[in-house]
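The values are calculated or read from the model by the stated rules, or taken from the named source; none is laboratory data. Source: prediction; values computed, not measured. Reconstructed Cβ throughout: ideal geometry from the backbone, glycine too, with neighbour counts over all protein chains shown.
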Ligand code: CUA
């Protein structure tokens, strides 16, 4: 079968690019340890209330001055409902659900996760601006989904 030389060159280019992309992804995954951010930690959804630190949801201050915030999502609210952190705080959110899939979204920020029963999802953010931030559920979870929210005060 005759293949035109331009076509052969184009095919070779495509193969080389595939190899380059695979190598890039492999390098990022293994050398730089860049992996999907979620689903790395599991929890028994029926025992969240007895599983530390989710037995006492809320804020923990770490020795380096940053915070960890543990959230439990359930129909139709978040625990804790309000949280207060100082301006400039680095907060790492940990969120799980005790019933169905919920959303965990702070509009105006890049904090955007799902709260999935059986799993702990996590994301960090530095709050540089003072104000009251809304935390909303943005996954439809039932009849009162639109009223599922919490607040984070930064001051
Ligand atoms: Cu929870 Cu929508």
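Observations on the structure shown:
- Restricting attention to segment 115-128, the residues being more than 10 Å from the ligand (Cβ to nearest atom) and closer than 21 Å to residue 49 by Cβ number 7.
- Candidates 122, 109 - the one that is modelled with pLDDT under 95 and in a loop (DSSP other than H, G, I, E, B): 109
- For first residues located in segment 124-142 and in contact (Cβ under 8 Å) with a residue 40 or more places away in the chain and closer than 22 Å to residue 62 by Cβ, partners that are assigned to a loop (DSSP other than H, G, I, E, B) and within 16 Å of the ligand (Cβ to nearest atom) and lie 6+ apart or on another chain with Cβ distances below 6 Å form the pairs 135/106.
- Residue count for segment 84-111, restricted to those that are closer than 14 Å to residue 152 by Cβ and within 14 Å of the ligand (Cβ to nearest atom): 3
- Among (1) within 12 Å of the ligand (Cβ to nearest atom); (2) surrounded by fewer than 16 Cβ atoms within 10 Å (Cβ to Cβ), the one test that residue 77 misses: (2)
- Subset of segment 129-149 that is at negative phi and in a strand (DSSP E or B) - its residue that is farthest from the ligand (Cβ to nearest atom): 132
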